[in-house]
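S.K.: Please read through the structure below; I'll follow up with questions.
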Amino acid sequence: MSSLAGKVVAVTGAASGMGLATAARLYAHGARLSVADINQEALSKAVDQIKAKATGGTSSGTPEILTTVVDVRQSKQVDAWIDKTVKHFGRLDAAANIAGVLGKNFGVGDLTEIDDDEFDYITSVNFKGVFNCLRAELRVMEKGASVVNASSTTGLEGHPKNSVYSATKHAVVGLTKSAAGEVGARGIRVNCVAPGIIRTPMVASLDADKLDSVFSRVPLARVAEPDEAANIFTFLLSDEASYVTGSAFVVDGGMLS
Ligand SMILES: NC(=O)c1ccc[n+]([C@@H]2O[C@H](COP(=O)([O-])OP(=O)(O)OC[C@H]3O[C@@H](n4cnc5c(N)ncnc54)[C@H](O)[C@@H]3O)[C@@H](O)[C@H]2O)c1
């Protein structure tokens with residue numbers, strides 16, 4: 001994906017899991033990165049991991065990595081981060097809005113048991129956070145730009161005992177498709193990725209028995225590695241996906257098939 005060389009790409013959730021793997025892939029393809037996460041310590045370590053994982057090179061020299069601690073729930077922080085990115089690099093070519101949280105009720109709590117704080121936490125990160133980022137990014141992007149948001153297979157079908165998370169991931173699909181319709185005429189693409197079960201710290205935090213019902217539905221009968229999802233984020237951000245917009249790209253080992 002040589003089209004990524006020299007491009008300026010913003011990535012949220014870059015300190016862990018798929019965000020980190022995507023940032024490393026982009027860097028390996030020669031992209032210049034503006035990485036953000038709420039976890040300052042992990043973000044600092046991520047820069048070394050991104051550089052260590054990079055196997056490719058770029059004819060335009062060593063790509064740069066700008067780091068910013070951002071809480072995607074806070075629109076002022078998001079706006080300031082994108083402003084800083086454009087001031088530093090001169091433009092913004094692409095963005096991967098990957099930061100997200102699962103919440104503490106995964107697999108255990110019915111909708112009737114979810115309290116206001118839990119509802120607010122999950123919706124403010126997964127829905128409002130993606131909205132805050134998408135809005136700031138689309139305001140400064142120009143023709144040829146591409147945005148990819150993190151949805152989930154739970155954004156394409158209901159997920160009992162995971163209702164609020166599932167609803168936020170449906171919302172990401174709706175935001176993605178609506179925004180794609182708005183900015184297509186400007187030559188900007190907006191897509192989302194709907195991962196199934198990916199081996200990241202988010203999934204590692206779950207008890208195995210909570211995942212059993214999901215695993216039994218995966219034809220490939222295994223969990224995916226973060227790189228297998230990062231490949232799709234990277235493809236959609238690149239010019240190689242030039243006619244793909246408004247899509248929810250499923251990476252689930254066949255689970256929804
Ligand atoms: N792992 C899976 O199986 C899976 C499946 C479907 C969808 N997803 C989605 O993919 C995305 C990445 O998930 P992951 O598994 O890599 O998770 P992860 O927990 O490994 O990484 C998520 C990152 O988001 C950051 N983050 C959380 N809240 C934030 C905030 N308010 N502001 C900024 N950063 C914040 C975290 O610090 C962390 O670095 C999420 O949106 C998740 O919902 C994951």
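S.K.: Would you check which residues across region 1-16 are out of contact with any Phe, Trp or Tyr (no Cβ under 9 Å at 6 or more places or on another chain) and surrounded by fewer than 24 Cβ atoms within 10 Å (Cβ to Cβ) and list them?
M.R.: Answer for region 1-16, where residues must be out of contact with any Phe, Trp or Tyr (no Cβ under 9 Å at 6 or more places or on another chain) and surrounded by fewer than 24 Cβ atoms within 10 Å (Cβ to Cβ): 2, 3, 5, 6, 16.
S.K.: Give the number of residues within region 132-165 that are among the hydrophobic types (A, V, I, L, M, F, W, C) and away from the ligand (no atom under 13 Å from the Cβ). Before the answer, list the steps.
M.R.: Of region 132-165, the ones among the hydrophobic types (A, V, I, L, M, F, W, C) are 133-134, 136, 138, 140-141, 145, 147-148, 150, 156, 164.
Subset that is away from the ligand (no atom under 13 Å from the Cβ): 134, 136, 138, 140-141, 145, 147.
Final tally of qualifying residues: 7.
S.K.: May I ask you to list pairs of residues, at least six apart or on different chains, whose Cβ atoms are under 7 Å apart, with the first in region 34-57 being farther than 14 Å from residue 11 by Cα and the second being surrounded by fewer than 17 Cβ atoms within 10 Å (Cβ to Cβ) and modelled with pLDDT of 95 or more?
M.R.: Pairs found: 40/69.
S.K.: Sticking with this one: I'd like the full set of residues that are more than 18 Å from residue 81 (Cβ to Cβ) and either near the ligand (Cβ under 10 Å from one of its atoms) or not in a helix (DSSP H, G or I) (or both), limited to region 1-40.
M.R.: Hits for region 1-40 are 1, 5, 6, 17, 18, 21, 29, 30.
S.K.: Please go through region 101-123 and pick out each residue that is under 11 Å from residue 165 (Cβ atoms) and out of contact with any Ser or Thr (no Cβ under 8 Å at 6 or more places or on another chain).
M.R.: Within region 101-123, 101, 103, 104, 105, 106, 107, 109, 118, 119, 121 qualify.
S.K.: Grab the helices (runs of 4 or more DSSP H) fully contained in region 158-257, keeping just those with 2 or more residues being open to solvent by less than 30 Å² (accessible area, probe 1.4 Å) and at pLDDT 95 or above. Spell out how you get there, then give the answer.
M.R.: Values: elements: 163-183, 201-204, 208-215, 226-237.
The qualifying helices (runs of 4 or more DSSP H) are 163-183, 226-237.
S.K.: Considering each residue of region 178-205, count those that are in contact (Cβ under 8 Å) with a residue 40 or more places away in the chain and within 9 Å of the ligand (Cβ to nearest atom), and give that number.
M.R.: Total satisfying the criteria: 10.
S.K.: Considering region 59-78 alone, what residues qualify as being open to solvent by less than 60 Å² (accessible area, probe 1.4 Å) and either among the charged types (D, E, K, R) or part of a helix (DSSP H, G or I) (or both)?
M.R.: Answer for region 59-78, where residues must be open to solvent by less than 60 Å² (accessible area, probe 1.4 Å) and either among the charged types (D, E, K, R) or part of a helix (DSSP H, G or I) (or both): 71, 75, 78.
The values are calculated or read from the model by the stated rules, or taken from the named source; none is laboratory data. A quick note: this is a predicted structure, and the numbers were derived from the prediction, not measured. Cβ sites come from the backbone with ideal geometry, for glycine too, and all protein chains shown count toward neighbours. For the accessible areas, the whole protein counts, side chains as well, though only heavy atoms, and no ligand, DNA or RNA atoms are used. Shrake-Rupley method; radii C 1.70, N 1.55, O 1.52, S 1.80 Å.
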